[in-house]
Amino acid sequence: MPRLACVDIPALPLQLLQRRQPGWEDAPCAVIAADKPQADILWVNPRARQQGILPGMRYAAGLSLCSDFRAGVVSALELQRALESLTSLLRELGPDVEPCEEAPGVFWLDASGLVPLHRSLRVWAEKVRTRLARERFHCGVVVGFSKFGSYASARADEGRGLRVFSSPEEELRTARQTPLLHLDLEGKELLALRQLGVEKLDELMRLPSAGVLRRFGPRVRQLQRLASGKVGEPLRPELAEPMLCQHIELGTPSLDARRLLTELTPALEALLARLAARSQGLAELELELQLEAGSRADSSARPLGEAPRRLCTRLRPSRASLDQGLILELLRLRLQNLQLQTAVEELRLQVYGVALRPEQLELFSSPQRDLAAADRALARLRARFGPEAVVCARVVEAHLPEERFGWQPLQRLRPAQPQETARARSIRRFFLPAIPLSPRLELPERWLEHRIRRGSIVRCCGPYPVSGKWWAEPVERRYLFLQTRAGAWLWVYCDQRVGRWFLAARVM
């Protein structure tokens, strides 16, 4: 009979944050959606739960409950790379690995045929836990007979146990004792089931299937069908593609960027040919340089691991491409920007590909602007000045007006989509920090009256009070729109705490 194992790494983003911040393991900490006081809390550790901090709260609310509360952001890219690394690691322990898309941190492994290689499946499961613990991940491992049974049993232990079931019946009985809270149902579904006194899988099994579908929807009905043991899902392992990389040893160490680019050209050509055979385009390129002893790495590139003689940098084209000339130009810009202090002994080039999309529709369109050329220009800027050099503004939730927008990396331009509005919208050019307008010793009311009397201000709209931000430095402001004699509109505010006027923005 085939055997399946489920590896559950609970709260994977939180574990990634604690690996990044080792000193936070013994303190109340959490993963938040953004580095803002009003950001949502996504995952919390047990010490934070003891302080009453729960997922769904705001970061500011957590700080009000515990002054020692710490939080950080785990990006989607960091999580994706961690999942790829964990999948590769687990392939060393089992032939077939399937990561769960709905629950990041859950993996299924094919455990069939491992007993001849190990004394027992329990010994193999212990090796899996030990290997992940070496990478500073704590996890639970359940060896069973079905994907759902092993997954539910692992979730019942909250990802910290180790079980090996001897029969499918034993696995199914254990899985049905799992609380619904651990099975990734939505909050409204859990609340509706709890109102009926249904908190475990075996209690859900007693409800009529037609009523479950009508009242709670297809997700809960599918969970009920899987718990019945009459239906199952086969293992769908993720196929491992061979790593595309080239290693170059320089006969004579060199600091010349032109020579390094010459050495990289044939290696890049070979890698692009292998990507083309996969019907893929280059999405990201990683360049690793081995420096001579006593070298000092440039601050614009990150060191790989703890090796001071190794330098690693990444670059991305504007879109997945097989254009060798474009990628060589980006490499040239990056090599010129590194400013190495000592010579390079070895080079290692690794590429990551994605499936290319057919773009026949562009044959029938005649855009007024060449967006592809603009994307190539932005890619050159990122290669020359770093990945954070090209950004765009985005609206975020915040209390103060100057904090209601943030910056995110811009990978490619999109065609403009203008919308008709009932009235024109004003654009404000913010000044960060705000520009002081009135002397510190002058009363705020006199400063404004004096400007109106002199005629430099011809119109005044407001005031609009803003107060709060008690979790950091309290704010007490009165905002006004002022029209000058020249026709310009200024957005100013009076800081009640210091008694001064400040220019916050100019309305365009």
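What follows draws every value from the coordinates through simple rules; no lab data is involved. All of these numbers come straight from a predicted model, not from anything done at the bench. Cβ sites come from the backbone with ideal geometry, for glycine too, and all protein chains shown count toward neighbours.
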task = Using Cα pairs closer than 8 Å and at least 6 residues apart in sequence, work out the relative contact order for the chain, in percent.
result = 10 percent
message = Please rank 206, 477, fewest neighbouring Cβ atoms within 10 Å first, as an exposure proxy.
response = 206, 477
Partners for residue 127 among aspartates and glutamates (Cα-Cα distance below 14 Å; same-chain residues under 8 apart left out) = 92, 135
request  = Please work out which option in (i) 134; (ii) 159; (iii) 256 gives volume of the Cα convex hull per residue in Å³ calculated from these coordinates, and answer with its label.
outcome  = (iii)
ask   = What does the highest-first list of 490-498, 261-269, 147-155 look like by mean Cβ count within 10 Å?
value = 147-155, 490-498, 261-269
ask   = How big, on average over all directions, is the shadow cast by the Cα convex hull of the range 428-507, in nm²?
value = 5.3 nm²
request  = Could you order peptides 309-321, 23-35 by the average number of other Cβ atoms within 10 Å of their residues, highest first?
outcome  = 309-321, 23-35
message = Under 18 Å between alpha carbons, and skipping anything fewer than 8 positions from residue 147 in its own chain: which lysines qualify?
response = 230
request  = Mind listing the long-range amide H neighbours of residue 410? Cut-off is under 5 Å, sequence gap 5 or more, other chains count too, H placed in the peptide plane at 1.01 Å from N.
outcome  = 390, 391, 392
query = How large is the dipole of the chain about the Cα centre if only Lys and Arg carry +1 and Asp and Glu carry -1, each at its Cβ, rounded to the nearest 20 debye?
reply = 1880 debye
inquiry  = If each residue of separation counts as 0.36 nm, what is the full-extension length gain between residue 126 and residue 284 once their alpha-carbon separation is subtracted?
reply    = 53.3 nm
inquiry  = Cut-off under 20 Å on the C-alpha distance; same-chain residues fewer than 8 positions from residue 36 excluded. Which aspartates and glutamates are left, in chain and number order?
reply    = 68, 78, 388, 397, 402, 403, 473, 476
message = On C-alpha positions alone, give me the angle between the axis of helix 444-454 and the longest principal axis of the chain, in degrees, nearest 10.
response = 50 degrees
ask   = If r is the Cβ-Cβ distance from residue 166 to residue 215 and R0 is 25 Å, what FRET efficiency results, to the nearest 0.05?
value = 0.10
